[in-house]
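Notes follow once the structure below has been shown.
Bear in mind that the values in this text are calculations on the coordinates, not laboratory data. Being a predicted model, the structure only gives us computed values, none of them experimental. Cβ placement follows ideal geometry from the backbone for every residue including glycine, while neighbour counts extend to all protein chains displayed.
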Amino acid sequence: MRVALIFGGRSPEHAVSIVSASSVGRALDRERYEVLPMAIDRRGRWAAPEVSAAVLGAAAARPDEVPAFEGRDAVDPRLLDGSADIAFPVLHGAFGEDGTIQGMFEMLDLAYVGCGVAASAVCMDKGLTKRLIAAAGLPTARWVEIEAPGWRREPGATLERCQTLRFPVFVKPARLGSSVGISKVRAAAKLVEAIDLAFAHDDHVIVEEGIDGREIEVAVLGNENPRASAPGEVVPGHEFYDFSDKYLDDACTLLAPAPLDGEIADRARELAVRSYETLGCAGMARVDLFLERDRGRFLLNEVNTIPGFTPISMFPRLWDISGLAYPRLLDRLIELGWARHEARTKLETSG
């Protein structure tokens, strides 16, 4: 099977994507797959095949080690001429994890790994995710959403809404990942600076009430009948789990499995699967939860539809301890993507 492994992209998570793809590329079984590397540069141009192969072959282990490169095409011609049987996008953030490239795959009638267009778009938008989760009666932290026009027009009214939340709060770009543009704000006087920083990355921002809790992550796999891995726990090495903590300085501790009693671990898995199904996910997602220290209640934080696949990433680690080794996990993801495509090709599309 010919697998188009797609990585890089225009998102601020460009370098993280390359590290993830390098790890996936090494783990794919060459007896089963022909890997077609497809790199996208920071401008959104697709690199020539030999450049893509060189970028993937550099095997960077950290985002600050990835090679610079330039693309040349609006899209890799191999996606258009039938060279690939299935696409495996390892594109974190905008223009990859947000439904945009999934829409292109649908237009090309190309099988692909991971969530579909709608679920990818919804899960990428933290505000939409929270609204759907709350409408389904599932627990999440209190939040305020801010759009750029409203912030420019009525900053005072926006700040008043934010101050109804309990401090500290987290100010986040709504449609970004890897903790890019996020600030922890302990006092209202610092809100403007944090909101402006978030708006530098997105025109939609959320301000979320801080939770005194443990950060629990669950990997979910499947289409119609998803199943959850054993939960893991992130113990931040910094004030919160920021970009450096995730990828650069190894200050955080990743506990896999999380030290949770059996009943509590079961509740984490249950909420993860319910959230996955509520948001229409398929293939895979990493569901991030908070476990409140005082009440023992789980809250949904966010859902990542293309989780990290770096050597230290939680998604493959959690499946490994749950009995699904990395190469077999990739096999399963490709199987799920192919099965979803086969099912969709049977749908009636004519008038």
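How high is the FRET efficiency from Asp294 to Lys346, r the C-beta distance, R0 45 Å, rounded to 0.05?
Calculated value: 0.35.
If you take the beta carbon distance between Arg32 and Asp81 as r and set R0 to 22 Å, what does 1/(1 + (r/R0)^6) give as a FRET efficiency, to the nearest 0.05?
The computed FRET efficiency comes out at 0.50.
Once the Cβ-Cβ distance between Met104 and Ala339 is put in as r, and R0 is 35 Å, what FRET efficiency do you end up with, to the nearest 0.05?
In this case the efficiency is close to 0.95.
Take the cross-link list Lys130/Lys184; Lys126/Lys190; Lys130/Lys346 and give me the ones stretching past 29 Å between alpha-carbons.
Lys130/Lys346
Given H placed 1.01 Å from N in the peptide plane, which residues other than close sequence neighbours of Ala285 have an amide H under 5 Å from its amide H?
Those qualifying (amide H under 5 Å, at least 5 residues apart or on another chain) are Val220.
Relative contact order, percent, of the chain when contacts are C-alpha pairs under 8 Å separated by at least 6 residues?
With pairs under 8 Å counted, the relative contact order is 18 percent.
Take the chain, connect every pair of alpha-carbon atoms lying under 10 Å apart with a spring to form a Gaussian network, then pick out the residue of Ala87, Ala157, Ala111 with the largest mean-square fluctuation.
Ala157
I'd like the antiparallel share, as a percent to the nearest 5, of DSSP beta bridges with both residues in the chain.
70
Normalised by the number of residues in the range 142-209, what is the relative contact order in percent for Cα pairs under 8 Å and 6+ residues apart?
46
Take the Cα atoms of the range 2-112, build their convex hull, and give its volume per residue in Å³.
Spelled out: Cα convex hull of the range 2-112, divided by residues, is 86 Å³.
If the viscosity is 1.306 mPa s and the temperature 10 °C, what translational diffusion coefficient in µm²/s does Stokes-Einstein give for the range 211-344 when Rh comes from Kirkwood over Cα pairs?
Answer, rounded: 105 µm²/s.
Below 8 Å, C-alpha to C-alpha, sequence gap of six or more: please give me the relative contact order for the range 211-344 in percent.
Normalised by residue count, the contact order of the range 211-344 is 28 percent.
What ratio of Cα Rg to 2.2 N^0.38 Å holds for the chain?
In units of the globular-protein estimate, the chain measures up at 0.97.
If you project the alpha carbons of the range 142-209 onto the principal axes, what extent comes out on each, in Å, largest first?
That gives 27, 25, 20 Å along the principal axes, largest extent first.
Using per-residue counts of other Cβ atoms within 10 Å, averaged over each peptide, order 118-131, 63-76, 21-34 from highest down.
Highest-to-lowest ranking by the protection proxy: 118-131, 21-34, 63-76.
222 nm [θ] for the chain, helices only, -39500 (n - 2.57) per DSSP H run of 4+, per residue, to 500?
My calculation for the chain gives -10500 deg cm²/dmol from helical runs alone.
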